Amino acid sequence: KLVPRSLKANLRMRVKALRAAKENPAIRAGLKEMCRQDILFYINLLVWQNNPKKKAGHEVAPFITWKFQERAICSDTPGKEGILWCIENREDLVIEKAREMGATWLCLLVPDWLCRFKQYHDSLMMSKSAEAVDNNSRNSLFGKLRFVHEHLPDWIKGEVTDNKFYRGYDETNSSILGQASTGKAGVSERCQEMFIDETAQIKDDWEVVF
């Protein structure tokens with residue numbers, strides 16, 4: 001609630017916070033701790049997104065959450081549990097999405113946040129093809145993760161090992177592993193959560209899920 005959701009006010013707060021953090025180590029430490037405790041604070045203050053469908057000059061913009069996105073991440077209401085609750089309680093979650101809802105971004109930001117701030121958190125990500133998982137473009141899952149990382153301030157980035165289909169968060173000993181979706185995907189992996197993108201486009205979707 002401390003971070004404004006209107007674009008101009010949000011940008012003003014980002015500039016003010018980053019300038020203060022640059023000059024004062026105590027402020028940097030405080031902001032980092034607030035980001036660790038509150039994923040919405042972290043996203044709305046520091047995360048940027050890329051949307052190639054926007055008109056020129058607006059493709060890159062601060063990620064400012066809508067109310068339904070906040071519920072999708074944080075809700076613990078029975079019958080309407082969000083992503084974090086489902087991860088913490090080892091429950092499945094199906095998201096029926098349309099374009100421009102940011103569903104894929106949310107399902108990437110949550111594991112990325114957990115890996116940045118939680119010790120020994122491991123995530124597995126899949127999509128309809130190897131290229132959709134990681135093809136070194138901003139359209140792939142790992143490409144979006146790289147975009148988020150590149151636009152964070154240095155004091156919160158931490159050391160990240162960035163390989164094909166793998167991101168290792170050195171400070172927390174956490175990791176994100178990527179795989180193409182096949183009938184044998186994930187059979188030998190151990191992780192806290194598995195994100196399957198574009199499930200309807202996966203030929204072996206039944207075998208992957210079950």
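Annotations for the structure displayed:
- Hits in segment 144-163 - residues which are open to solvent by 30 Å² or more (accessible area, probe 1.4 Å), free of Cβ contacts under 8 Å to residues at least 40 places away in the same chain and not in a loop (DSSP other than H, G, I, E, B): Arg146, His149, Glu150, Asp154, Lys157, Val160, Thr161, Asp162, Asn163
- The residue that is modelled with the highest pLDDT, counting only those in segment 166-210 that are more than 22 Å from the chain's Cα centre (by Cα) and acidic (Asp, Glu), is Asp204.
- Which listed residue is out of contact with any strand residue (DSSP E or B) (no Cβ under 9 Å at 6 or more places or on another chain) and at negative phi, from Asp76, Asp112: Asp76
The values are calculated or read from the model by the stated rules, or taken from the named source; none is laboratory data. Only a predicted model underlies this, so the values are computations on that prediction, with no experimental measurement involved. With ideal geometry, Cβ positions are generated from the backbone for all residues, glycine too; neighbour counts draw on all protein chains shown. For accessibility, only protein heavy atoms count, side chains too; no ligands or nucleic acids. Shrake-Rupley method; radii C 1.70, N 1.55, O 1.52, S 1.80 Å.
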